[in-house]
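Presented below is the structure to which this report refers.
The values are calculated or read from the model by the stated rules, or taken from the named source; none is laboratory data. Since we're looking at a predicted model, the values are computed, not measured. Every residue, glycine among them, receives a Cβ derived from its backbone with ideal geometry; neighbour counts consider all protein chains shown.
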Amino acid sequence: MTKYGDELAVVAVTYSPGETLEPFLDTLAKATTRPVRVVLADNGSTDGAPERAAERENVTLVRTGGNLGYGAGANRGVAALGEEYGWVVVANPDLEWGAGALDTLLEAARRWPRGGAFGPLIKDTDGATYPSARLLPSLGKGVGHAVLGRVWPRNPWTLAYKQSDTEVVERTAGWLSGSCLLLRREAFDSAGGFDPRYFMYFEDVDLGDRLGRAGWLNVYVPAAEVVHIQGHSTARASAAMLAAHHESAHRYIADRHRGWRWAPVRAAVRAGLAVRLKLETR
């Protein structure tokens, strides 16, 4: 296995990120006292924002050649880094960094030598805390959350899955939100990176599961904070993104329930997700 160095890089997947990219880069300066290399893995932006950002000394633009999706784009960005970069942050370009956020995540990494991924506390622009450290979805919790999550937000399946009533302390989780992840590059490699079959959504759930299977931990570090200005690049195509979400959800369940014995379950899950999608896009 490659022996990586101790340098830090940030990989952001861009797709016409607009005015959010400049604050992302500006606030990054207060997130760490360490030098940090930024790689913009660009999936086909047309707004010129990544090109303007690449004029900064510490920013490199990597064109992926098309809209590959979030996970595949992130993989391209990580692959562009030299072996000196043993710590890689994969983040959405519509984040604003809290003071010392990355240094706090790196300090946690020293406390958790088997930690493969580390996630901060993520706040929305209205100050609400996003449930970014969750259990891995199971058939029971997943179906309960999918069916009742919107009409009964505090149903027991949704609360358990989102860990909504769990104390906000440093702890392990089944998976962490891919909108901001500090990754030990050795762990990322051992899990095979993001699965490029997930165009968008569930690529972080899948990665968290595979990191765990490879012997690594997903660690929630709420002492580190970021603000996520959600959905800038997806707001223009909400119906398409809902469809992508449901397709990814089915892929995740189907991948973990293979073979003819599980065929009726896979068919039922697909049918249920199709009904849910119709209801949400009426």
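Taking first residues from the stretch 217-240 that are more than 16 Å from residue 181 (Cβ to Cβ) and partners that are at pLDDT below 95 and among the hydrophobic types (A, V, I, L, M, F, W, C), the Cβ contacts under 7 Å between residues at least 6 apart in sequence or on separate chains come to 234/241. Has the stretch 165-187 got at least one residue that is among the aliphatic types (A, V, I, L, M), farther than 20 Å from residue 77 by Cβ and at pLDDT below 90? Yes: one or more hits.
Condition first: under 24 Å from residue 202 (Cα atoms) and either out of contact with any helix residue (DSSP H, G or I) (no Cβ under 6 Å at 6 or more places or on another chain) or surrounded by fewer than 18 Cβ atoms within 10 Å (Cβ to Cβ) (or both). Now tell me which residues in the stretch 43-53 satisfy that.
44, 45
Per-residue answers, yes or no, for (1) touching a residue at least 12 places away in the same chain (Cβ under 8 Å); (2) surrounded by fewer than 16 Cβ atoms within 10 Å (Cβ to Cβ); (3) within 20 Å of the chain's Cα centre (by Cα); (4) on the phi > 0 side of the Ramachandran plot:
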| position | (1), (2), (3), (4) |
| --- | --- |
| 37 | yes, no, yes, no |
| 41 | yes, no, yes, no |
| 55 | no, yes, no, no |
| 62 | yes, no, yes, no |
| 76 | yes, no, yes, no |
| 79 | no, yes, yes, no |
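Considering each residue of the stretch 224-247 in turn, none proves to be at pLDDT 70 or above, more than 27 Å from residue 124 (Cα to Cα) and not aromatic (Phe, Trp, Tyr). Of all residues in the stretch 8-35, exactly one satisfies the criterion of being over 17 Å from the mean Cα position of the chain (by Cα) and closer than 15 Å to residue 188 by Cβ, namely 8. Among 104, 158, which is at pLDDT below 70 and of a type in the set (Ser, Thr, Tyr)? Being at pLDDT below 70 and of a type in the set (Ser, Thr, Tyr) holds for just one of 104, 158, which is 158. Condition (residue is modelled with pLDDT under 95 and exposed (fewer than 15 other Cβ atoms within 10 Å of the Cβ)) applied to the stretch 141-148: is it met by at least one residue? So far as the stretch 141-148 goes, no, none of its residues is modelled with pLDDT under 95 and exposed (fewer than 15 other Cβ atoms within 10 Å of the Cβ). Within the stretch 1-17, if we keep just the residues that are among the small types (Gly, Ala, Ser) and within 22 Å of residue 192 (Cα to Cα), the residue that is surrounded by the most Cβ atoms within 10 Å (Cβ to Cβ) turns out to be 12. For the stretch 23-47, give me each residue that is part of a loop (DSSP other than H, G, I, E, B) and within 23 Å of residue 72 (Cβ to Cβ). Matches in the stretch 23-47: 43, 44, 45, 46, 47.
Please work out if residue 20 is among the polar types (S, T, N, Q), part of a helix (DSSP H, G or I), within 25 Å of residue 198 (Cβ to Cβ) and touching a residue at least 40 places away in the same chain (Cβ under 8 Å). Against the criterion (among the polar types (S, T, N, Q), part of a helix (DSSP H, G or I), within 25 Å of residue 198 (Cβ to Cβ) and touching a residue at least 40 places away in the same chain (Cβ under 8 Å)), residue 20 qualifies.
Summed over the stretch 105-134, the residues that are β-branched (Val, Ile, Thr) and either assigned to a helix (DSSP H, G or I) or surrounded by fewer than 19 Cβ atoms within 10 Å (Cβ to Cβ) (or both) give a count of 2.
Report, by residue number, each residue of the stretch 190-228 that is in a loop (DSSP other than H, G, I, E, B), out of contact with any His (no Cβ under 6 Å at 6 or more places or on another chain) and closer than 20 Å to residue 15 by Cβ. Talk me through it step by step, then tell me what you get.
To start, the set of residues in the stretch 190-228 that are in a loop (DSSP other than H, G, I, E, B) comprises 191-202, 214-216.
The next check asks that each one be out of contact with any His (no Cβ under 6 Å at 6 or more places or on another chain); those that pass are 191-200, 202, 214-216.
Listed by number, the residues that qualify are 193, 194, 195, 196, 197, 198, 199, 200, 202.
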